[in-house]
6 protein chains.
Amino acid sequence: MRVSRRYRFCASHRLRAAALPESDNARIYGKCSNPHGHGHDYLLEVSAEGPVDCFTGRVLNLASLDVLVRRAVLETFDHRNLNLEIPEFSEAPPTSENLARLIWRRLVEDWGQVFPAGPRLARIRLEETRRNSFEIMEEE
Amino acid sequence: MRVSRRYRFCASHRLRAAALPESDNARIYGKCSNPHGHGHDYLLEVSAEGPVDCFTGRVLNLASLDVLVRRAVLETFDHRNLNLEIPEFSEAPPTSENLARLIWRRLVEDWGQVFPAGPRLARIRLEETRRNSFEIMEEE
Amino acid sequence: MRVSRRYRFCASHRLRAAALPESDNARIYGKCSNPHGHGHDYLLEVSAEGPVDCFTGRVLNLASLDVLVRRAVLETFDHRNLNLEIPEFSEAPPTSENLARLIWRRLVEDWGQVFPAGPRLARIRLEETRRNSFEIMEEE
Amino acid sequence: MRVSRRYRFCASHRLRAAALPESDNARIYGKCSNPHGHGHDYLLEVSAEGPVDCFTGRVLNLASLDVLVRRAVLETFDHRNLNLEIPEFSEAPPTSENLARLIWRRLVEDWGQVFPAGPRLARIRLEETRRNSFEIMEEE
Amino acid sequence: MRVSRRYRFCASHRLRAAALPESDNARIYGKCSNPHGHGHDYLLEVSAEGPVDCFTGRVLNLASLDVLVRRAVLETFDHRNLNLEIPEFSEAPPTSENLARLIWRRLVEDWGQVFPAGPRLARIRLEETRRNSFEIMEEE
Amino acid sequence: MRVSRRYRFCASHRLRAAALPESDNARIYGKCSNPHGHGHDYLLEVSAEGPVDCFTGRVLNLASLDVLVRRAVLETFDHRNLNLEIPEFSEAPPTSENLARLIWRRLVEDWGQVFPAGPRLARIRLEETRRNSFEIMEEE
């Protein structure tokens, strides 16, 4: 069974690949490369997969998931400027793809400590706006 | 092709594992173990998978799916107290995980009679609130 | 300017007018009068009206509104059985109309203490399901 | 990584299988076979899958996807009568299943020209109404 | 207290003012004047205003409202071609403004018979798409 | 009749009242006063009120409204840093209240030129997140 839970956070960013000339940045990112930045309300859906515990009738303790997501994701990214306050984005552009990969890595790092006996982290979906979303699924 | 259709029902429940002491129940379920119960509006999405019929251009008859879901799910659970009115939850706690499994079993039981020549029941998704959802996918 | 903020809570209830015979209850409330109860996820939108403070650029402090709504509404109604745990509904049926009126009275009672210098409580909207909503507006 | 983007278009149609007698059409499609037609606002979600480019931090250029979807789908179907203006539906009934298959074929045809070096078209989801949706996933 | 309830129906139409030359129609309505028509999923929200009955705790009987809306609105407009099947639109263009006015008139006509002792019809809101909505409020 | 149409834009900001000491800023705005800023996806709903034209069946030309809103609002605010790129916010804090007032003033300024013969600008609603919204209504 797969259990999914949603979280929200907001952040600002400016899309810019440091390794590319400005003309390329303008062409690739359009108005998202405005030097003063802009922002989004991100929706993060975290999905875990595992068996249902026969005593508790639960796949995982949602309160523990909340603690994990708050510590690994929300406290780092909520109400932040991704370019200036997240070291991983001092060079790499804070696209939603890169942000999703960073969130995935952070969740993977802390997952085993919070859920040593399962379930697995199966998927994350990061919704940048109501139109665009980005998913990472576990390797199978 | 996968076809999905949404249904809604509301029910009340109290989360409590009969086999565990009260202190464990309070710890595991928090305010969801309030003895007087509380309730939710559940959204159920049922997904069927199969080929498109070349004459009708349909994967399945949605009116037949409605009859099946109404009989197997809505008539049993809508406007009910899950603990007091659903025998399966006299012992097991009516978590959304257990509720999803029960709905899956009931749909599987009746599916072959309503759709003897396909399509397959591929997935159900039970949304407890806008934040939490629970999915069961067919074994592959 | 009018500022609105949304809150969610879930509760169970059974619709039943104590002063009416059972046959009338069944006719008026239909499956909502099931003796074992059912439940809903309520959405409450609270709207305040007042001038924008020229220093802070705000109509009201949203953190104060959160404290007020949590104390006057959420702590009382969230994860509760309205019939058994709310004294006002020991006799009167816990319809969404009556629930909205009770929420309104509780907010009005505490409002002046939290916002002595304005803004006014202008409106509440209680959404029982995505289909039905109930609004109370201040007398003008 | 999978990237998904949403588009909207509206169209009218009448469900009718030309190869079947009228009585069968009425039985299969119900009020959807009304000879004068009716309409829907369709939501189309297109999902692409591929690696994240290490310079741009993107899986694909969304502006290119917009051009592709506009040319292959929106210009053809938006504000159209599917039965009268889409040759593929002069015989086959314009069910959402058939419409999804036609959209899939059109996207596949143009995909390689717009994205010669990847990513792959992984999935489309066509939402006919908020209740019904239709998905096609790439063969694996 | 104001009580609101939502209904859905779908219909097709073509925007065209019979009294105007084709060039004006094209200029005013753009692609909405395509002669073969297109369609929408309309959402109709009906709001009634009145006191809460002290016995039943209700402003109105929602089942009676359902009967009224089904008879006065849904049976007439759902799954229809507005231009060809609604006499009022043989001349006047079936814009959402005109459709809202027609729905309002029909509700007003039947309202007194279904709710002779109140509540009043206070407002309707017709949502053509998620972007555009049209409201009529009672004269005060 | 009131006609409403929705627009979206995203921007970043930092809440800070220049006239107040930093300790007050931290207390009033909390994490919203983070010096590096954060961002939101704003939804703007613009409502116009007027009679329905008997020839066109419309209250206003939506294409003209789009031009007006794009020029007066979207081009100025979309993908911008409100503090650094909007002169009005070099001193005043870019709260949603102040942003709504600025949008209202800009719409009022251009309205008469685009709609000299009506309808009136009746209301705007600015949704900062799904939880918080801010409305300005015309003086009556």
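The values are calculated or read from the model by the stated rules, or taken from the named source; none is laboratory data. Remember, predicted model here, so these are calculated numbers, not experimental data. Methodologically, a virtual Cβ is constructed for each residue, glycine included, from the backbone with ideal geometry; neighbour enumeration extends over all protein chains shown. For the accessible areas, the whole protein counts, side chains as well, though only heavy atoms, and no ligand, DNA or RNA atoms are used. Shrake-Rupley method; radii C 1.70, N 1.55, O 1.52, S 1.80 Å.
The table for this structure:
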{"quantity": "Near pairs, Cβ below 9 angstrom, 6+ apart or cross-chain, from region A:25-43 (within 18 Å of F:ARG8 (Cβ to Cβ)) to any residue that is of a type in the set (Phe, Trp, Tyr)", "calculated": "A:HIS38/F:PHE9; A:ASP41/A:PHE9; A:TYR42/A:TYR7; A:TYR42/A:PHE9; A:TYR42/A:PHE77; A:LEU43/A:TYR7; A:LEU43/A:PHE9"}
{"quantity": "Boolean, C:LEU60 is touching a His at 6+ places or on another chain (Cβ under 7 Å), more than 17 Å from C:LEU43 (Cα to Cα) and not basic (Lys, Arg)", "calculated": "no"}
{"quantity": "Within region A:86-107, tally of residues that are touching a Leu at 6+ places or on another chain (Cβ under 6 Å) and open to solvent by 40 Å² or more (accessible area, probe 1.4 Å)", "calculated": "1"}
{"quantity": "Verdict on E:TRP104 being closer than 16 Å to F:MET1 by Cβ and assigned to a helix (DSSP H, G or I)", "calculated": "yes"}
{"quantity": "Counted residues, region A:60-85 - those being among the acidic types (Asp, Glu) and buried (at least 18 other Cβ atoms within 10 Å of the Cβ)", "calculated": "1"}
{"quantity": "Residues located in region E:113-130, provided they are surrounded by 16 or more Cβ atoms within 10 Å (Cβ to Cβ), away from chain D (no Cβ under 14 Å) and not in a strand (DSSP E or B)", "calculated": "E:VAL114, E:PHE115, E:PRO119"}
{"quantity": "Residue within region A:7-18 that is modelled with pLDDT under 95 and more than 14 Å from chain F (Cβ to nearest Cβ) present", "calculated": "yes"}
{"quantity": "Count - residues of region E:111-140 that are under 12 Å from the mean Cα position of the chain (by Cα) and among the basic types (Lys, Arg)", "calculated": "2"}
{"quantity": "Matching residues in region A:131-140 - criterion: being assigned to a loop (DSSP other than H, G, I, E, B) and facing chain D (nearest Cβ under 9 Å)", "calculated": "A:ARG131"}
{"quantity": "Output for region C:63-82, where each listed residue is farther than 21 Å from B:HIS40 by Cα and among the hydrophobic types (A, V, I, L, M, F, W, C)", "calculated": "C:ALA63, C:LEU65, C:VAL67, C:LEU68, C:ALA72"}
{"quantity": "Residue list for region A:113-137, filter: under 24 Å from B:GLU97 (Cβ atoms) and either without any contact (Cβ under 8 Å) to a residue 24 or more places away in the chain or among the polar types (S, T, N, Q) (or both)", "calculated": "A:GLN113, A:PRO116, A:ALA117, A:MET137"}
{"quantity": "Sole exception among (1) under 21 Å from A:VAL52 (Cα atoms); (2) within 8 Å of another protein chain (Cβ to nearest Cβ); (3) not aliphatic (A, V, I, L, M) for B:ARG106, by number", "calculated": "(2)"}
{"quantity": "Evaluation of A:PRO51 against (1) surrounded by fewer than 21 Cβ atoms within 10 Å (Cβ to Cβ); (2) touching a Phe, Trp or Tyr at 6+ places or on another chain (Cβ under 8 Å) (one fails), failing number", "calculated": "(2)"}
{"quantity": "Within region C:108-130, considering residues that are modelled with pLDDT of 95 or more and among the β-branched types (Val, Ile, Thr), the one nearest to E:TYR7 (Cα to Cα)", "calculated": "C:ILE124"}
{"quantity": "Hits in region D:40-63 - residues which are more than 14 Å from chain E (Cβ to nearest Cβ) and of a type in the set (Asp, Glu)", "calculated": "D:GLU45, D:GLU49, D:ASP53"}
{"quantity": "Helices (runs of 4 or more DSSP H) wholly inside region D:1-93 that include at least 1 residues being under 13 Å from the mean Cα position of the chain (by Cα) and at negative phi", "calculated": "D:62-69, D:82-85"}
{"quantity": "Residue in region A:64-90 that is farthest from A:LEU15 (Cα to Cα), counting only those that are free of Cβ contacts under 8 Å to residues at least 24 places away in the same chain and facing another protein chain (nearest Cβ under 7 Å)", "calculated": "A:GLU85"}
{"quantity": "Enumeration of residues in region A:19-39 that are open to solvent by less than 10 Å² (accessible area, probe 1.4 Å) and within 9 Å of chain F (Cβ to nearest Cβ)", "calculated": "A:GLY37, A:HIS38, A:GLY39"}
